[in-house]
Every structure is written in C-alpha cells, then in structure tokens.
Amino acid sequence: MLGLILSIILCFAAISPFLSCGAFAHAVTCSGMVPIRYRTDKISITDFGAVGDGRTLNTKAFRAAIYRIQHLRRRGGTILYVPRGLYLTESFNLTSHMTLYLARGAVIKATQNTRNWPLIDPLPSYGRGRERPGGRYKSFIHGDGLHDVVITGENGTIDGQGGVWWDMWRRRTLKFTRPTLVEFMRSRNVIISNVIFKNSASWNIHPVYCSNVVIRRVTIVAPHNSPNTDGIDPDSSNLVCIEDSFISTGDDLVSVKSGWDEYGIAYGRPSSDITIRRITGSSPFAGISVGSETSGGIENVIAEHITLYNTGIGIHLKTNIGRGGFIRSVSVSDVFMINVRKGIKIAGDVGDHPDNNFNPNALPVVKDITIRNVWGRNVLQPGSIHGLKNSPFTGICLSNINLYGRRGQTITPWQCSDVRGGAVQVYPWPCSELTRNHESGVCSSSF
C-alpha cells in the first residue's frame, strides 16, 4: 500500500492511472482557453524593501509593488518576482495585467495576527458569511474585477498558516467567516499554475463569478483534520479548467458550487462548462463533489482521470431542499479509488441553510448524470442515491463500475430511493430502483 501511494505522489501532478509520466506533455488539456502571457516588464518584491527572513512584515512592499503595476500600466503587463526567502505579509490585492511569480524556495506566508485582518461584504449569492452571519474576512491573496492575471512560478509556496484560524473555528470564537487562501471575484482570464498552496485558513482556491480560469499543475496540502480546507471551489463561474494537480486537504478536493438557498436563487448565476482532469488526492470528505451550494444551478461538468486514496467519499453530488437550482449534464469517468469509505453518493439531503427564510418548496432538479469506468479497492460501501420524493433524480447512468471491499469482508449493498436511470456492468449490482426503472437508452451514450 505504501509503495502504491508513494508511486502516485512521485508521478505527481495527478497523472492519470491511464497515462505514464512520459505521456504527461501529450495529454489532452483544456488549458488553452486562457492564452499564456509573455511579459517583458519585471520587478522584484525586494525592490520595494521586502525582506525574506520570515519575521519582517512585508505588507507595505507587496502593496507598493502592485500599486506600481496598476498605475504604470506597462504594455503587456508586469511580472512581480518573488525570490527565494520567507516573506511574511498581511492580506493583499492583485491587479490586472500582472504575473505573481514565485521562484523556487520562495514562500509568501500569511501573518498569524488576525486582529487587523480586513473584512469584506458577504457574497451576494450567499447572503452572509458561509460560517458566521455578516461579512467575511478577505482572502489572503485577493482579486476583484480583474482580467489577465497569473499566479505561477517554480513551485514556490503560498502558506496560509491556517492553524490559528482552525483553532478559533474549533473553539467557536470566530466573529466572521474565515478567509480563503486565494479568491478571484468577477474576474476573467486567470491562470494559476506551478505553485504549492499550504495550510489555508479555509477554502484554498475560490474563483467566484469568474470566467476563463485555468488551474493546473498545483499542489494543495493541509492536514486531514483541518476544517473546511477545500482544495479548489469554482463557484458561479463558467469555463473553468482544473488539471494535473495533487490535493490532500481536510475537505473536498474539488467542489463545484453556485450559491446558497434563496440568495443563490436570486443571484441566479450558474456554474457551467467546468473540466476537472487528472487530479490525484486524499481527503476525509469527498474527492470530486458538486454542491451542496447549488442554488444558481450547475451544468456541463466533466471530471475524468481521477485517482483517490484514503478518502471519505469518492464522488459526491449533493444538494438539499430550499436550494432550488439544478445539477445536470455531469459526467464523471475513469476514476481509480483505494481505501474509500463510500464510492459514490448522490443525495438530496446534504448541507445547512443560511437562515430560516429558505423556501422548503424550492426543490433542486438533478438529471442526466453519467458515472462510468470506475474501479475501486477497499471500498466499504459502494454507493447510495437518494433523490427527493417530489423531485426524483432522473437520467442517472452507472456504467462499467467495479467497487470491491476489503478481502474477506462482505461489501454492503447499494442504497437508493426516488431515483430513475439505468445501470450497465456494475459490481456489486446496484439498487433495484435503477435496474427496475431502467430508463430506455439512458446509458447508451455518454454526456
């Protein structure tokens, strides 16, 4: 087992089990949706007085450097170079037409002094902070209304030093919702690549109300007991490409979202055209998930060539009454999982509510979900699909799925209710609701 995990990590960058490392450069990619910018203007953070000793607070240097980029507006944009060293800083904003470049050995580290952490308004599609009423702490690295922004380098590190925030969450002393590590709002043409993200206070990478976002060849790590440290959460965004990455955190590795109950319904911006490809990772929660915040709608999601180990749920589509919205046209394929509590879960009773004003008659629609070519070993329970009585899940296709329990242990059966669809070549044989109510042709073609 140890050898298997080590080989996965050494191959790194979430190489699919169906590809060799040598084939990595030739793999199918969606990253071309955002053209790479070659910038000629370059400044170093040390030009603005930054000291990479791990003790000096460099907030003024980062803000001054980015102010310079914003106001000089060099043709083609500017690279902000961060050389080797440990650069302690408070939260700061990026600007358009810039590249934040972390050299090998460069670490941008968040201060653990939370007293002066800036507050911003809640997201309109959430109506309040995700954890606490009112506003929320701004992300460590933030961008709002930007375009043509790159975070990249030579696998330098952005370290959220989230332990102090996790402790406040556990002690229930948070006044506002914890900050994400990197958040882009209302932005387009964003590239994040070749950077290590470590110990976020909460969600790691959160593009919200964005379009044309590429996230690839990143490493995201946090302890498995760190609360709500999702890896990548595209939220009410479209045309998002997530590829070739390793994620091991305390919550879902990748989770597609689109707003929370009545606020998400009113805001009405779906997540669509999301590609998730060649991801390797481990989590006590889900590997690939959709929801549970789905009120703006989620559609046209492709997840393929996923490798999961020591994970709670391999594939998890989740929503709830009061959410409204929809989850439709989702395809998950070519998934390998080992040491997983549950292989597949599709559920209509997951997630809390922002307040008591949600409409219990706002029922989500879940339809046209295809899950195929899944192989698992040491899977305790193969799966469950529980729709809603007044909004059954339809068009569910399970195809070529083999989920095996531990040697000598009888695997528990599938559990289903309020679902219609079909199953082809599934082991153990799925619930009778799928086989008995086999919808004609539902598994005859893939999304």
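Some observations on this one:
- Looking across region 234-250 at every residue that is in a loop (DSSP other than H, G, I, E, B) and crowded, with 24+ Cβ neighbours inside 10 Å, the one that is nearest to the chain's Cα centre (by Cα) is identified as 234.
- Of the residues making up region 201-216, those that are in a loop (DSSP other than H, G, I, E, B) and over 13 Å from the mean Cα position of the chain (by Cα) are 201, 209, 210.
- Residue list for region 319-339, restricted to those being within 22 Å of residue 280 (Cβ to Cβ) and either open to solvent by 20 Å² or more (accessible area, probe 1.4 Å) or of a type in the set (Ser, Thr, Tyr) (or both): 331, 333, 334, 336, 339
- Per-region count, region 67-95, residues under 19 Å from residue 195 (Cβ atoms) and either in contact with a Lys or Arg (Cβ under 9 Å, 6 or more places away or on another chain) or of a type in the set (A, V, I, L, M, F, W, C) (or both): 16
- For residue 121, the conditions (1) in contact (Cβ under 8 Å) with a residue 40 or more places away in the chain; (2) within 22 Å of residue 353 (Cα to Cα) all hold with the exception of (1).
- Region 186-198, subset surrounded by 24 or more Cβ atoms within 10 Å (Cβ to Cβ) and touching a Leu at 6+ places or on another chain (Cβ under 9 Å), residue nearest to residue 269 (Cα to Cα): 187
- Out of 212, 228, sole residue that is open to solvent by 10 Å² or more (accessible area, probe 1.4 Å), within 22 Å of residue 293 (Cα to Cα) and out of contact with any helix residue (DSSP H, G or I) (no Cβ under 6 Å at 6 or more places or on another chain): 228
- Residue check, residue 302 part of a strand (DSSP E or B), surrounded by fewer than 24 Cβ atoms within 10 Å (Cβ to Cβ) and among the aliphatic types (A, V, I, L, M): yes
- The number of residues in region 394-419 that are more than 29 Å from the chain's Cα centre (by Cα) and surrounded by 16 or more Cβ atoms within 10 Å (Cβ to Cβ) comes to 1.
- Selection of region 340-383 for residues being open to solvent by 30 Å² or more (accessible area, probe 1.4 Å), in contact (Cβ under 8 Å) with a residue 60 or more places away in the chain and under 16 Å from residue 426 (Cα atoms) yields only 372.
- Only strands (runs of 3 or more DSSP E) whose full extent lies in region 27-144 are considered here, and none of them has at least 1 residues that are under 25 Å from residue 172 (Cβ atoms) and either of a type in the set (Lys, Arg) or open to solvent by 20 Å² or more (accessible area, probe 1.4 Å) (or both).
- Boolean, residue 256 is among the β-branched types (Val, Ile, Thr), farther than 19 Å from residue 131 by Cβ, out of contact with any Asp or Glu (no Cβ under 8 Å at 6 or more places or on another chain) and open to solvent by less than 10 Å² (accessible area, probe 1.4 Å): no
- Criterion: over 16 Å from residue 100 (Cα atoms) and in contact (Cβ under 8 Å) with a residue 40 or more places away in the chain - qualifying residue of 219, 152, 173, 157: 219
- Wholly within region 307-407, strands (runs of 3 or more DSSP E) carrying at least 3 residues that are of a type in the set (Ser, Thr, Tyr): 326-347
- Flag for residue 195 being of a type in the set (A, V, I, L, M) and over 12 Å from the mean Cα position of the chain (by Cα): yes
The values are calculated or read from the model by the stated rules, or taken from the named source; none is laboratory data. Note that the coordinates shown come from a computational prediction; the quantities given were computed from them, not determined experimentally. Reconstructed Cβ throughout: ideal geometry from the backbone, glycine too, with neighbour counts over all protein chains shown. Side chains included, ligands, DNA and RNA excluded: accessible areas come from the protein's heavy atoms. Shrake-Rupley method; radii C 1.70, N 1.55, O 1.52, S 1.80 Å.
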